[in-house]
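Structure first, commentary second.
The values are calculated or read from the model by the stated rules, or taken from the named source; none is laboratory data. Computed from a predicted model, the values in this text were never measured in an experiment. No Cβ is skipped: glycine too gets one built from the backbone with ideal geometry, and neighbour counts run over all protein chains shown.
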Amino acid sequence: MTADRPNLATAARRLLATLAAAAIPAVLAAAPAMAAEAPAADCTPDGSTACVVAIVLDEENNPVPDVGVTVSGAGFETEVTTSAEGPASVEVPEVGSYTLTLDETTVPDGLFPDATERQVTAQTGISARAAFNLGTTPPESEPSEAPSDGETGSSEPTDAATDGTAPVDEGLGGADTTTRGGPSFQQIWQQFGSGIRFGLLLALASVGISLIYGTTGLSSFSHGEQVTLGAMFGFIGINWLNLPVWLTVILVIAVCAGTGWLQDAAIWGPLRKRGTPVTQMMIVTIGLALALQYAIQMVIGGRSLRVLPQNPRPLELAGITLSTVSWISMGVAVLVILFIAWFLTRTRIGRATRAVSDNPALAAATGINPDRIIRIVWVMSAGFAGLAGMLLAISFGSFNWSLGMLLLLLMFAAVTLGGLGTAYGALLGSLVIGLVVEMSTLIPGMPSDLRYASALVILILVLLLRPQGLLGRAERIG
């Protein structure tokens, strides 16, 4: 028995050595994973860093510590834990959409979250924040997730600065600025400026619908998707091809104008030669709109995208605070609209366009080729719509595949109000629609999403009271 003890001791040492040799590689292999799961350090945003911040507050807006939140998106996932000092932040690898999921098991007893998931859009130079509110009573139903700072949970483009500056360009058509005590003069003036911006960009998109209707009598329901194409090509040029903004603008106009030429050459021209009624051609535009919508969604996905990856800076002029790119976009829109006015009144093709719009048969009798003029109109209209789409996307922060569908009603309301077939009417109607959409948010109790319905009300009133529009000519029917 005594002689066997050294053998047992030797066998035990060999077993321990074997286990250690097998365990060391496993520990080394698991070390990166353990490091990846470790809580991320606080993030400080700069020109090349994007941060996501999770905020958990109680009913008195005090920070709730030791609550876990998972941040995931763009192939990245990590967990952060709040502290008594405030929110928890993490650096994300790239700009884009991220989902923050609250770990309900870490919520203190007796408290219930208003939501367990938030969506934010990370941007370089700022912190995209998502707030979870804890209450003492459980919610009866899952509330809608209203976007917090930097959050884009809605389908509208947003652009909120979260780096300590005042938010600018809070979304397409403006933000809800109503207050319980009524709007102040500064709020009214600010919304007036936002309405002028929205109206100018809407006019740039709407003038094509008016020109197409004036020369062909066709109401194109696919024109909204031409606007979305401009935003999509702008995003591709800047973010995928890394082109400068000025070159991307030129390419967007050229490519979208090319789509207008292709449409008329492949669809509308042959249909006109066959004598297809306008009503049937209008149905074709609806089908084309649906096809383009889903084609765009296949390319860019269903989430909101930013054309400019960096956060725009606010600029105050005449007491109105908008982003710098918004002011530049407004200037570009004014120059293009002035060019359209000069083109229609001072050039030979412009005068021929007006002649075809007034009387195609008489224009053809004077030597004008209506088909050639109509093709030029399609090319110009698609190019202007594409430019408007890109300017809208960079002015209001982001866009998604449904941008054109959202704008289509507003564009039809604008051209109907101004007078179908008149370019100047499209400008006037767009300015009115832009102001009404923006100013309606100042009405106490007016839901923010309902502001676009004001365009429908205007459309109905115009059709009832003045069907020819503000600048249109009254015509006898029947």
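Report yes if Leu391 is of a type in the set (A, V, I, L, M) and either within 20 Å of the chain's Cα centre (by Cα) or not in a helix (DSSP H, G or I) (or both), otherwise no.
Yes, satisfied.
Please go through the stretch 300-317 and pick out each residue that is surrounded by 13 or more Cβ atoms within 10 Å (Cβ to Cβ) and either at positive phi or hydrophobic (A, V, I, L, M, F, W, C) (or both).
Ile300, Leu305, Val307, Leu308, Leu315
Name the helices (runs of 4 or more DSSP H) wholly within the stretch 256-355 that hold at least 2 residues that are within 20 Å of the chain's Cα centre (by Cα)?
Output list reads 278-300, 324-346.
Do we find that Ser398 is of a type in the set (S, T, N, Q), under 20 Å from Val336 (Cβ atoms) and either surrounded by 24 or more Cβ atoms within 10 Å (Cβ to Cβ) or free of Cβ contacts under 8 Å to residues at least 12 places away in the same chain (or both) in this structure?
Judged against the criteria, Ser398 is not a match.
Please enumerate the residues belonging to the stretch 421-451 that are outside any helix (DSSP H, G or I) and surrounded by 21 or more Cβ atoms within 10 Å (Cβ to Cβ).
Selection gives Gly421, Thr422.
Please go through the stretch 194-237 and give me each residue that is buried (at least 23 other Cβ atoms within 10 Å of the Cβ), touching a Ser or Thr at 6+ places or on another chain (Cβ under 7 Å) and more than 30 Å from Ala361 (Cα to Cα), ordered by number.
The answer is Arg197, Gly199, Leu201, Leu202, Leu229, Gly234.
Before we move on, is Val334 modelled with pLDDT of 90 or more, closer than 23 Å to Trp261 by Cβ and touching a helix residue (DSSP H, G or I) at 6+ places or on another chain (Cβ under 7 Å)?
no
Inside the stretch 171-190, can you point out the residues that are surrounded by 17 or more Cβ atoms within 10 Å (Cβ to Cβ) and either modelled with pLDDT of 90 or more or touching a Ser or Thr at 6+ places or on another chain (Cβ under 6 Å) (or both)?
Correct list: Gly171, Gly174, Thr177, Gln190.
Listed here are the residues, each with its yes/no results for (1) closer than 28 Å to Ile300 by Cβ; (2) among the aromatic types (Phe, Trp, Tyr); (3) in contact with an Asp or Glu (Cβ under 8 Å, 6 or more places away or on another chain).
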{"residue": "Trp401", "(1), (2), (3)": "yes, yes, no"}
{"residue": "Phe412", "(1), (2), (3)": "yes, yes, no"}
{"residue": "Leu427", "(1), (2), (3)": "no, no, no"}
{"residue": "Val437", "(1), (2), (3)": "yes, no, no"}
{"residue": "Ser454", "(1), (2), (3)": "no, no, no"}
{"residue": "Val462", "(1), (2), (3)": "no, no, no"}
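What number of residues within the stretch 318-332 are touching a residue at least 24 places away in the same chain (Cβ under 8 Å) and at negative phi?
Residues that pass the stated criteria total 9.
Out of the residues in the stretch 52-89 meeting the condition of being of a type outside the set (S, T, N, Q) and touching a helix residue (DSSP H, G or I) at 6+ places or on another chain (Cβ under 8 Å), tell me which one is farthest from Thr137 (Cα to Cα).
Filtering first and then ranking leaves Glu79.
Would you check if Thr259 is surrounded by 20 or more Cβ atoms within 10 Å (Cβ to Cβ), over 27 Å from Ala74 (Cβ atoms) and hydroxyl-bearing (Ser, Thr, Tyr)?
Yes: the conditions hold for Thr259.
How about the stretch 91-119: which of its residues are aromatic (Phe, Trp, Tyr) and surrounded by fewer than 17 Cβ atoms within 10 Å (Cβ to Cβ)?
Phe112
So, in the stretch 68-115, how many residues would count as being under 30 Å from Gly301 (Cα atoms), in contact with a strand residue (DSSP E or B) (Cβ under 9 Å, 6 or more places away or on another chain) and small (Gly, Ala, Ser)?
9
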